[in-house]
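Everything on this sheet refers to the single structure shown next.
The values are calculated or read from the model by the stated rules, or taken from the named source; none is laboratory data. Remember, predicted model here, so these are calculated numbers, not experimental data. Every residue, glycine among them, receives a Cβ derived from its backbone with ideal geometry; neighbour counts consider all protein chains shown. In case anyone asks, the SASA skips ligands and DNA or RNA and just uses the protein heavy atoms, side chains included. Shrake-Rupley method; radii C 1.70, N 1.55, O 1.52, S 1.80 Å.
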Amino acid sequence: MDLDDIERKWQREWADNNVFEPEPDQRQSYLVSSAFPYTNGPPHMGHVRTYGTADVLARYKRMRGFNVLFPMGYHVTGTPVLAQSKRIKNKDQLLINDLKRFRISDEDIEKMEDPLYLASYFIEVFRKAFHDLGLSIDWRRQLVSIDPKFSKFIEWQFSILNANGLLIKGKHPVGWCPNENNAVGMHDTKGDTEPEIEEMLGIKFQAENRDYKIVCATYRPETLHGVTNIFVKYGAQYVICEVNGERLCLSSSAADKLAYQAGVKVISEIDSADLLNGRYINPKTGASIPALPGFFVDEAFGTGIVMSVPAHAPFDYTALLELGKKGSEAAANINPIKVIELEGPAKGKDIPSVAYIDVETATGNPNVDAIEEATKKQYKEELRSGVMLVGDYKGLKVKDARDRMWKDLIASKDAFAVYVIANNATCRCSFSVVVKIVDDQWFLNYGDEKWKVKAREALKNTRILPEKLRPTFEGALEWINLRAVARAQGLGTKFPLDNTKIIEPLSDSTIYISLYTIWHIISDVDSEKLTHEFFDYVYLGKGDAEAVSKATGIPYETVKRSKESFDYWYAFTSRHSGAELIFNHLTMYIFNHAIVFGSKYWPKQIAINGTVLSEGEKMSKSLGNTVDVKEAVSRHGADVTRFMVVCSADLFGDSEYNNDAANGIKERLEYIDSIAGNISLYEPSELKHIDYWLYSKLNGKVIAVTDAMEKLELRAASTSVLYDSVIELKRYFLRGGNNQVVIAEYISTLALLLGPLVPHFSEELWHKMKNETFVAKEKWPAANESMLSSKIETEEELVDRMIDDSKHVLELVRKKGKQPQEIKYIVASEYKYILNNELAKDKNAKRVIDMIKSGELENTYSLKFDIQKCIEFASSMAKHVNIVRTIETNPADQYDVINDAKGYIEKETGCRISTELEDVSKSSKASSSTPLKPGIEAI
RNA sequence: GCAGGGGUGGCAGAGUUUGGCCAAAUGCGACGGGCUUAGGACCCGUUUCCUUUGUGGAUGCGAGAGUUCAAAUCUCUCCCCCUGCACCA
């Protein structure tokens with residue numbers, strides 16, 4: 001079986017027969033789409049996961065009789081493509097080596113200095129990969145997000161957003177490079193780290209007898225009552241500067257950074273020694289406190305000045321101990337002020353921070369890591385369990401007190417917000433990222449209540465797969481507020497209200513899916529003709545086709561067909577992506593649909609898939625365990641790769657890419673294929689027990705797989721359809737199954753069930769079974785419920801259990817030196833079955849024993865019972881009454897089943913076997929027989 | 001911190017909605033055996049402990065407590081892990 005040949009063959013057949021190029025018809029439409037990929041590099045396994053999942057659904061729904069459209073587009077707007085080209089231009093060796101690893105020629109790499117070339121190069125790589133994976137895409141509708149027609153559409157969308165008053169202007173903190181003077185996102189930093197912006201509070205302390213205030217940056221204003229002193233960095237440069245008409249003191253480097261957040265004018269320099277000589281007034285308590293040198297103070301972080309709360313901050317306490325040891329009288333005189341009572345080890349302690357640090361070793365040569373650890377622990381516990389002991393918010397929880405204090409201090413102008421980069425993000429140009437307040441930023445106002453109401457409504461009517469993610473969606477919907485929508489740089493559509501800006505690239509891709517419905521229809525239309533009137537008509541039904549045609553110059557037929565196509569395809573959509581898009585794209589997808597379209601065209605279904613691991617590890621460049629899609633397909637084939645990545649985990653679970661898994665899949669496909677190839681070795685014959693068993697299994701499988709596919713529980717589906725099938729087929733043959741009709745039906749049905757999962761293989765298998773249609777267009781199999789039999793399946797389990805038990809018995813007998821040649825099975829008497837089923841009814845042994853004694857049992861079943869034996873048996877079963885279940889079979893059937901499986905049992909045990917009924921047996925094991933567990937005597 | 005999702009055997013991962021064939025599917029791994037010149041593949045067995053002419057017992061599903069005849073499954077408390085927290089695609 002050459003998987004490569006098979007795959008190429010069927011891809012050709014599908015294309016030649018336009019199998020995946022649907023047009024509106026009488027059937028129910030079903031539009032499956034995945035968030036289009038960002039093409040600044042080649043595809044990876046995560047792409048296979050998302051697009052493969054969408055393809056499985058598309059193929060399944062097609063077989064269920066829906067008219068399915070699966071389109072594809074590419075996203076290239078924004079800065080990543082530009083950043084990538086720039087890095088190539090700068091001969092960034094790291095990136096160039098990466099590209100070379102993908103066998104991209106030097107010539108092409110050089111051409112990639114042009115961002116458009118880079119984008120189109122990878123678009124082609126993606127297209128080829130998706131084709132080779134056999135995705136059932138309608139390639140006529142392929143679109144790119146920088147197409148002029150795409151831009152016309154986005155302009156139209158923004159005109160609607162603007163008309164609804166959702167575009168507003170305001171201030172906003174962003175990561176900023178002071179060297180390059182532009183906003184810095186993740187792909188602009190070394191190591192691709194997202195600059196983490198945190199808000200601190202800068203609290204002003206008036207310097208006694210001076211004309212300035214010092215500014216302490218803190219995360220914990222609620223501890224202000226516990227401040228005992230100020231810490232500055234000894235030897236660092238400080239400055240006095242004018243900020244909003246006020247003279248403030250902070251470190252020189254902090255002043256540089258703050259200049260990006262407020263007007264800062266440096267007046268004079270001041271030495272740290274000067275600061276240490278002063279005293280300062282706590283704005284809340286009015287206390288006069290000294291300044292001391294703190295070993296841990298970083299003059300470049302925050303304001304370079306720290307307020308000291310030794311009772312609640314391990315660093316502060318350690319620093320005081322340290323100074324005291326060195327003979328600082330001022331430090332030795334300071335008494336920590338406890339302002340919070342908390343649970344945990346510090347409960348009841350006068351100085352809570354002592355509970356978190358090792359006082360003996362903390363001083364001398366302070367272990368910064370250990371203090372860091374202690375700080376985290378104490379902060380956490382105080383936040384969780386702390387209660388304020390003093391101040392305005394006495395009795396309040398720390399969290400609430402903090403929030404209020406924060407607001408109070410800002411309101412009374414005793415403090416202001418200081419933004420810091422918490423994770424030391426560094427621009428690729430090697431300058432540290434700072435926080436800049438942009439004050440003419442355009443936002444899309446997702447906080448608008450009217451809009452949120454619509455979005456909630458839309459979400460409520462959307463099916464989320466898996467359903468357990470709904471709370472996450474609900475959270476995201478409430479949380480999303482202002483979103484900066486225009487950027488200074490990047491590819492994309494110009495922002496209509498400010499032509500110097502570009503629409504931010506997540507905002508230009510929220511409702512573009514609707515474009516797929518008309519893209520091939522408007523392919524010849526000049527983008528300039530795509531006016532608001534056109535989109536108003538096609539998407540909103542405003543006006544009429546004739547007028548629109550006249551106004552725009554677009555042919556009447558094109559206008560009309562566009563509208564019909566949209567109406568048809570957009571009535572049902574299923575959207576697919578990874579979980580990382582829930583908080584941005586998918587939420588915006590819901591919001592934008594809710595405001596732009598009528599509710600008929602709102603989202604219907606959103607499916608979220610998990611990620612792909614390699615040997616249990618996340619795939620990442622730094623680990624060097626990423627897998628190139630092209631390479632995976634050439635090594636394992638498209639079907640195996642898809643199956644492994646898409647179907648070996650449930651929708652939201654992580655799937656695993658590795659060679660063992662691939663081989664396991666391939667072997668099973670080959671096994672199924674070999675059965676199909678040998679079908680002529682079998683002949684039709686009368687149906688036997690094992691034939692009925694296989695039918696029962698097959699029909700049960702159809703039900704189970706259908707159920708799983710409806711919920712996109714692909715692991716469950718694939719386990720049943722591939723792994724279990726192989727086990728069932730092997731058992732069937734082992735048990736002497738050889739009926740050509742049964743085998744053929746089983747394999748043919750399997751071919752159909754495998755259609756969505758391993759499409760190429762299933763076509764091949766289907767045709768091997770003498771079918772001439774495409775599985776891709778075939779009808780999904782329906783279960784024949786009359787062929788389901790739990791009785792027959794139970795009986796087969798019985799046979800296996802008998803064999804297991806027999807082997808065990810044989811082993812024990814052989815240990816005793818005997819060499820048994822024969823096994824005698826004794827089928828339990830009918831009264832045991834009856835008692836079992838009586839007990840199964842209500843698990844009440846007493847009732848059953850009463851029935852026996854009273855004779856009610858005999859009456860009910862019109863049988864003569866041996867009362868003594870019945871009571872014995874019922875009592876023995878009473879011990880396990882909780883696991884007793886109803887048995888559908890009876891002694892006569894069991895007798896037949898054992899005889900039917902005679903050859904199989906003899907082969908497995910290596911012994912001759914015989915069967916007799918307990919009632920006539922003289923065997924010593926006769927009485928130990930129970931229903932489903934015949935007595936076994938090895939002779 | 002806030003929000004969401006989780007913690008099951010050597011590993012991965014079912015089972016939890018609807019408590020009871022659950023010592024717990026399935027796959028992988030490991031060990032022993034068969035087959036083979038050998039390896040691979042394949043087949044059989046073992047893989048918590050004890051017991052044994054079998055179908056028995058103990059312990060057990062993050063920790064602890066509770067409800068119940070019966071708990072991986074229900075309730076409460078705690079611990080731990082993962083993801084997101086924004087202008088970045």
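List the trypsin sites (Lys or Arg not before Pro) in segment A:29-90 that DSSP assigns to loop (not H, G, I, E or B) and whose Cβ has at most 12 other Cβ atoms within 10 Å. Which are they?
Here no loop site has a sparse enough neighbourhood.
Express the relative contact order of chain A as a whole percentage, based on alpha carbon pairs under 8 Å and six or more residues apart in sequence.
Rounded, it is 13 percent for chain A.
Quick check for you: with a 1.4 Å probe and neighbouring chains kept, what is the accessible area per residue of segment A:469-594, in Å²?
Per residue, segment A:469-594 has 37 Å² of solvent-accessible surface.
Please list, in order along segment A:702-718, the HN-Hα scalar couplings obtained from phi with the Karplus expression 6.51 cos²θ - 1.76 cosθ + 1.60 (θ = phi - 60°), rounded to whole Hz, x for Gly and Pro.
Once rounded to whole Hz, the list reads 4, 5, 5, 5, 4, 4, 5, 5, 4, 9, 6, 8, 6, 5, 4, 4, 6.
Need the C-alpha centroid separation for segment A:239-276 versus segment A:541-606, integer Å.
Computed from Cα coordinates, the inter-centre distance equals 54 Å.
Of A:GLY447, A:ASN461, A:THR472, which is farthest towards the positive pole of segment A:414-474's charge dipole, taken about the Cα centre with +1 and -1 on the beta-carbons of Lys, Arg and Asp, Glu respectively?
Comparing the listed Cα positions along the dipole, A:ASN461 ranks first.
What percentage of the solvent-accessible surface of chain A, computed with a 1.4 Å probe over protein heavy atoms, is contributed by carbon and sulfur atoms?
The computed percentage sits at 50.
Quickly rank A:792-805, A:27-40 as a protection proxy: mean count of other C-beta atoms within 10 Å, highest first.
Peptide ranking by packing, descending: A:27-40, A:792-805.
With every protein chain left in place, what is the accessible area per residue of segment A:373-455 in square angstrom, probe 1.4 Å?
That works out to 53 Å² per residue.
Can you list the HN-Hα couplings for segment A:572-581, worked out from phi with the Karplus curve (6.51, -1.76, 1.60; θ = phi - 60°), rounded to whole Hz and with x for Gly and Pro?
9, 10, 10, 10, 10, 6, x, 5, 5, 9
When we measure straight from the Cα of A:LYS630, which lysines land under 28 angstrom away, once same-chain ones fewer than 8 places off are left out?
Reachable lysines: A:LYS9, A:LYS61, A:LYS86, A:LYS89, A:LYS91, A:LYS100, A:LYS111, A:LYS128, A:LYS618, A:LYS621, A:LYS666, A:LYS777.
Taking 2.2 N^0.38 Å as the expected size of a compact globular protein, what ratio does the Cα radius of gyration of chain A give against it, to two decimals?
1.27
In degrees, nearest 10, range 0 to 90: what is the angle between the Cα axis of helix A:759-768 and the longest Cα principal axis of chain A?
20
Within segment A:380-400, whose backbone N sits under 18 Å from a point 7 Å along Cα→Cβ of A:GLU198?
Flagged as within label range: A:380-384, A:399.
Let me have the 222 nm mean residue ellipticity of chain A computed from DSSP H runs of 4+ only, each contributing -39500 (n - 2.57), with the sum over all residues rounded to the nearest 500.
-13000 deg cm²/dmol
Highest first, please rank the peptides A:274-281, A:780-787 by the mean number of other Cβ atoms sitting within 10 Å of their residues.
Result, highest mean first: A:274-281, A:780-787.
For A:SER574, enumerate residues with amide H under 5 Å from its amide H, sequence gap 5+ or separate chain, H modeled in the peptide plane.
Excluding prolines and chain starts, which carry no amide H, the hits are A:LEU31, A:VAL32, A:SER33.
Report, ordered by chain and residue number, the aspartates and glutamates lying within cross-link reach of A:LYS869, taken as a straight Cα distance under 18 Å and ignoring same-chain residues fewer than 8 apart.
A:GLU830, A:GLU838, A:ASP850, A:GLU856, A:GLU858, A:GLU918, A:ASP919
Once you've got the Cα coordinates, tell me which of A:LYS377/A:LYS468; A:LYS711/A:LYS841; A:LYS501/A:LYS529; A:LYS454/A:LYS604; A:LYS407/A:LYS460 are over 26 Å apart.
A:LYS377/A:LYS468; A:LYS711/A:LYS841; A:LYS407/A:LYS460
Compute the long axis of helix A:790-815 from its Cα atoms, compare it with the longest principal axis of the Cα atoms of chain A, and write down the angle in degrees, 0 to 90, nearest 10.
80
Give the long-range amide H neighbours of A:LYS169: residues separated by 5 or more places, or on another chain, with amide H under 5 Å away, using H modelled in the peptide plane at 1.01 Å from N.
A:PHE443
For segment A:680-783, what is the accessible area per residue in Å² when the probe is 1.4 Å?
Averaged over the residues of segment A:680-783, the accessible area is 38 Å².
At q = 0.09, 0.14, 0.21, 0.22 Å⁻¹, what log₁₀ I(q)/I(0) does segment A:80-202 have when each alpha carbon counts as one equal point scatterer in the Debye sum?
Result of the Debye calculation: -0.44, -0.95, -1.22, -1.24.
Quote the FRET efficiency, to the nearest 0.05, computed for A:LEU681 versus A:MET787 with a Förster distance R0 of 22 Å and r equal to the Cβ-Cβ distance.
0.35
Provide Rg and Dmax in Å for segment A:409-504, with only Cα atoms included in the calculation.
Using the Cα atoms of segment A:409-504, the pair Rg, Dmax is 18.7, 50 Å.
Counting only C-alpha contacts under 8 Å and six or more residues apart, can you give the relative contact order of segment A:545-642 as a whole percent?
21
Please list A:423-432, A:104-113 highest first by mean number of surrounding beta-carbon atoms within 10 Å per residue.
Those peptides, ordered most packed to least, come out A:423-432, A:104-113.
With axes computed from alpha carbons, what is the tilt in degrees of helix A:740-754 against the longest principal axis of chain A, rounded to the nearest 10 within 0 to 90?
For A:740-754 against chain A, the angle is about 10 degrees.
Which listed residue (A:GLY226, A:SER252, A:ILE214) has the Cα farthest towards the positive end of the charge dipole for segment A:207-266, taking +1 on Lys and Arg C-beta and -1 on Asp and Glu C-beta about the Cα centre?
Toward the positive end, the furthest listed residue is A:SER252.
Normalised by the residues of segment A:487-539, what does the relative contact order come to in percent, with Cα pairs under 8 Å and at least six apart?
It rounds to 21 percent for segment A:487-539.
List, in order, the whole-Hz ³J(HN,Hα) value for each residue of segment A:10-17 obtained from phi through the Karplus relation with A = 6.51, B = -1.76, C = 1.60 and θ = phi - 60°; use x for Gly and Pro.
The phi angles translate into 6, 4, 5, 4, 4, 5, 4, 9 Hz.
Over chain A, what is the percentage of antiparallel beta bridges among all DSSP beta bridges, to the nearest 5?
65
How big is D, in µm² s⁻¹, for segment A:206-364 by Stokes-Einstein at 37 °C and 0.692 mPa s if Rh is the Kirkwood radius over C-alpha pairs?
D = 203 µm²/s.
Search the structure for amide H atoms under 5 Å from the amide H of A:ASN182, placed 1.01 Å from N in the peptide plane, and list their residues when 5 or more places away or on another chain.
A:CYS177
Given +1 on the Cβ of Lys and Arg, -1 on the Cβ of Asp and Glu, and no further charges, what dipole in debye does chain A carry about its Cα centre, rounded to the nearest 20?
In debye, rounded to 20, chain A gives about 1280.
May I ask for the distance between the Cα centers of segment A:1-52 and segment A:793-824, given as a whole number of Å?
53
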